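So the structure is just underneath, and the comments pick up after that.
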């Protein structure tokens, strides 16, 4: 029986290619836009997670502090709660790193009369300490030392970045809802047009005793096929753009330990199921109105 319903659904798709193609395209575009938001927010969330697992403080030492006092400060910081490791970075080492990064503008550094960079401490935070209030409290405590000039740890940057990520997630949810409703509306209208083109045939079927299930099943299958096709096409298009983008940028220059990844398989399956549900729901709305008439 199901094989017969499938054959009828495929035959109708073949007989009305334009209407069904438009529906598939609309679903594919909806999936493409929503998946793009998901891809971006997924990688940004992953980036934040990687960053949080390696949070560090850069403690700048005041000029002229003896090495013995700096070592005492290092020992004090290493015993503070949440500190994983402390490393001393001399101003000579810092200048050498800067020169390596600015190899194209090396003349700017070579013409300096003296090293303008301060000695610093690199303080690595235990990954278990993920509350920014605790990290901020630790930074303020370290900065209170008379040996410390400033403490830097990218707090403002991460807060802004996290805020942008939350906005993107909210936008993705709203866009998903809007495009889901748009896809349902398009599918419903497509099925309605197919009804009108076959209304006499369907009336005859009802007169000769065809049940509602016998009439509805091929249309439900059409909706599921349209949704699945639109979902797959949208994801494939996004993947092609993703590969092109990935091949055109220098990953090492963008993020060191962070790798850009495509949407997880689980998310792709959810997207396809949602697009199939949109196709089925559009059919259900049209069928319910038609069969009432």
Seminar exercise, completed: From fewest to most C-beta neighbours within 10 Å, the residues 23, 36, 211 line up as 211, 36, 23
Exercise. Each label point is 7 Å from the Cα along the Cα-to-Cβ direction; what then is the distance between the points at residue 21 and residue 75, in nm?
Worked result: 8.0
Seminar exercise, completed: Most exposed to least, judged by fewest other Cβ atoms within 10 Å, 59, 83 sort to 83, 59
Exercise. Relative to the present Cα-Cα distance, how much length would full extension add between residue 203 and residue 241 at 0.36 nm per residue of separation?
Worked result: 9.0 nm
Exercise. Taking 0.36 nm per intervening residue step and subtracting the Cα-Cα distance, what contour gain separates residue 175 from residue 68 on full extension?
Worked result: 32.6 nm
For this session: List 124, 280 from most exposed to least, where exposure is judged by having the fewest other Cβ atoms within 10 Å.
Result: 124, 280
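Quick note: the coordinates plus some simple rules give every number you see, no bench work behind them. Just so you know, these numbers come straight off a predicted model, no measurement behind them. Backbone-built Cβ (ideal geometry, glycine too); neighbour counts: all protein chains shown.
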